[in-house]
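One structure below.
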Amino acid sequence: MLGPVLLAASRSDRMRRVVAGAPITRPVVNRFIAGDELAPAMDSVRSLAASGLEVTLDHLGEDVTDKATALATRDAYLRLLEALKAEGLGTRAEVSVKLSAFGQALPSGGHDIALENVRPVADLASEIGTTVTLDMEDHTTVDSTLAILDDLRLRHPGTGAVLQSYLFRTEEDARNLAVAGSRVRLVKGAYKEPANVAHQDKAEVDRAYVRCLKILMAGEGYPMIGSHDPRLISIAQELAHRHGRKQGSYEFQMLYGIRTAEQRRLAEEGERMRIYVPYGADWYGYFMRRLAERPANLAFFLRSFLPTR
């Protein structure tokens with residue numbers, strides 16, 4: 001019941017001020033966010049890489065409403081990629097971008113602005129031996145995001161995209177993207193969507209996830225299983241076996257700070273395991289969606305407000 005409330009709160013400026021201003025919030029946020037700046041994020045990348053894990057980095061920010069901030073997002077990603085290059089981490093870390101942070105949501109020419117801003121990021125990513133994955137946001141952005149994906153893949157065929165199983169359209173999108181060279185991260189979805197475009201029942205979302213996963217595993221692309229759900233992880237491994245996929249022809253992805261023991265277990269079993277590492281000062285929207293996704297995350301947060309004995 002609290003999920004929709006928290007998703008609504010993720011877009012509330014008033015709640016942003018309340019949560020961000022609470023003294024106890026910062027230690028909890030640190031569990032899920034690898035720092036406000038690039039330096040601590042790079043510390044996390046080095047640590048994860050040293051333990052045999054791979055990384056995708058997200059410089060937090062979304063729903064940008066001015067060109068200057070969109071350009072600042074572009075520049076932040078360029079600095080991030082330069083830092084990865086300097087430390088030789090291009091083969092262990094990629095980057096994830098939200099196109100609304102690159103200007104996609106601007107009222108005039110947002111699509112073209114986002115494409116112009118993300119191109120140099122994709123160029124530099126390719127130069128250092130890594131790639132970009134386009135995060136998916138709410139359903140109104142899907143067509144624009146997939147169109148930008150098509151454009152970027154002309155020069156950078158390894159550019160990836162995210163599909164969200166709770167959207168009714170996603171099975172068809174999965175069929176279109178299950179092609180050679182295509183990289184697709186499949187997630188359940190973390191935005192508040194209306195009933196006319198998305199499944200509302202958790203069990204239906206899970207069943208849709210499995211249907212989409214079957215399409216991707218049977219295809220010629222590179223599936224990226226974005227889930228912490230033990231049942232879905234097991235199903236993914238069974239589907240990989242059924243379709244003759246070797247370890248490394250697909251990967252698992254989990255969020256920084258969540259189910260770390262499971263992350264290590266999968267890596268030790270020989271699975272390719274990538275950690276989604278967010279960083280940056282604009283952490284509020286991301287943080288609230290993580291609370292909405294899993295009751296355990298919310299319980300962890302609320303317990304932090306209780307006095308210690």
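The values are calculated or read from the model by the stated rules, or taken from the named source; none is laboratory data. Quantities reported herein were computed from a predicted structural model and do not represent experimental measurements. Every residue, glycine among them, receives a Cβ derived from its backbone with ideal geometry; neighbour counts consider all protein chains shown. These accessible areas exclude ligands, DNA and RNA; they are computed on the full protein's heavy atoms, side chains included. Shrake-Rupley method; radii C 1.70, N 1.55, O 1.52, S 1.80 Å.
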### Query
Could you count how many residues in the stretch 89-107 are basic (K, R) and surrounded by fewer than 23 Cβ atoms within 10 Å (Cβ to Cβ)?
1
### Task
Quick one: in the stretch 220-236, of everything that is charged (D, E, K, R) and either in contact with a strand residue (DSSP E or B) (Cβ under 7 Å, 6 or more places away or on another chain) or part of a loop (DSSP other than H, G, I, E, B) (or both), which residue is farthest from E262 (Cα to Cα)?
E220
### Summary
All-but-one check, A281 against (1) out of contact with any strand residue (DSSP E or B) (no Cβ under 7 Å at 6 or more places or on another chain); (2) not in a loop (DSSP other than H, G, I, E, B), failing number (2)
### Query
Can you tell which of A236, A190, A147 is more than 30 Å from E82 (Cβ to Cβ) and among the small types (G, A, S)?
A236
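Within the stretch 55-85, restricting attention to residues that are in a helix (DSSP H, G or I) and among the β-branched types (V, I, T), which residue is farthest from G280 (Cα to Cα)?
Residues of the stretch 55-85 in a helix (DSSP H, G or I): 67-85.
Narrowing the set further to residues that are among the β-branched types (V, I, T) leaves 69, 73.
Values: T69: 14, T73: 11 Å.
It comes out as T69.
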### Message
I'd like the residue in the stretch 159-179 that is more than 28 Å from S108 (Cα to Cα) and under 16 Å from the mean Cα position of the chain (by Cα) and, out of all such residues, is most open to solvent (accessible area, probe 1.4 Å).
### Response
Y166
### Residue among R274, R231, R245 that alone is modelled with pLDDT of 95 or more and closer than 27 Å to V64 by Cβ
R274
### Query
Of all the residues that make up the stretch 188-221, how many are open to solvent by 40 Å² or more (accessible area, probe 1.4 Å) and within 17 Å of the chain's Cα centre (by Cα)?
2
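Considering only residues of the stretch 122-151 that are small (G, A, S) and under 21 Å from L60 (Cα atoms), which is most open to solvent (accessible area, probe 1.4 Å)? Write out each step before concluding.
Residues of the stretch 122-151 small (G, A, S): 122, 125-126, 129, 144, 147.
Within this subset, residues satisfying the condition of being under 21 Å from L60 (Cα atoms) are 122, 125, 144.
Numbers: A122: 3, A125: 0, S144: 26 Å².
Among those residues, the one meeting the criterion is S144.
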### Message
Out of everything in the stretch 27-44 that is within 19 Å of the chain's Cα centre (by Cα) and among the charged types (D, E, K, R), what residue ends up being most open to solvent (accessible area, probe 1.4 Å)?
### Response
E37
#### Entry: Where A299 falls short, out of the listed (1) of a type outside the set (K, R); (2) modelled with pLDDT of 95 or more; (3) open to solvent by 10 Å² or more (accessible area, probe 1.4 Å); (4) assigned to a helix (DSSP H, G or I)
(2)
### Task
Mind listing just one residue for me: the one in the stretch 237-262 that is under 25 Å from V45 (Cβ atoms), hydrophobic (A, V, I, L, M, F, W, C) and not in a strand (DSSP E or B) and, of those, most open to solvent (accessible area, probe 1.4 Å)?
A261
### Query
Would you call R92 touching a helix residue (DSSP H, G or I) at 6+ places or on another chain (Cβ under 9 Å), under 19 Å from S47 (Cβ atoms) and of a type in the set (D, E, K, R)?
yes
### Query
Looking only at the stretch 45-88, which residues are under 24 Å from R259 (Cα atoms) and open to solvent by 20 Å² or more (accessible area, probe 1.4 Å)?
R46, S47, L48, A50, S51, G52, E54, H59
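Based on what the data block shows, is R155 open to solvent by 50 Å² or more (accessible area, probe 1.4 Å) and out of contact with any Asp or Glu (no Cβ under 7 Å at 6 or more places or on another chain)?
Details: open to solvent by 50 Å² or more (accessible area, probe 1.4 Å): yes; out of contact with any Asp or Glu (no Cβ under 7 Å at 6 or more places or on another chain): yes.
Against the criterion (open to solvent by 50 Å² or more (accessible area, probe 1.4 Å) and out of contact with any Asp or Glu (no Cβ under 7 Å at 6 or more places or on another chain)), R155 qualifies.
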### Query
Restricting attention to the stretch 226-247, does a residue exist that is within 16 Å of the chain's Cα centre (by Cα) and within 25 Å of S126 (Cα to Cα)?
yes
### Query
So N117 clears everything in (1) at pLDDT 95 or above; (2) touching a strand residue (DSSP E or B) at 6+ places or on another chain (Cβ under 7 Å); (3) of a type outside the set (V, I, T) except one condition, right? Which one?
(2)
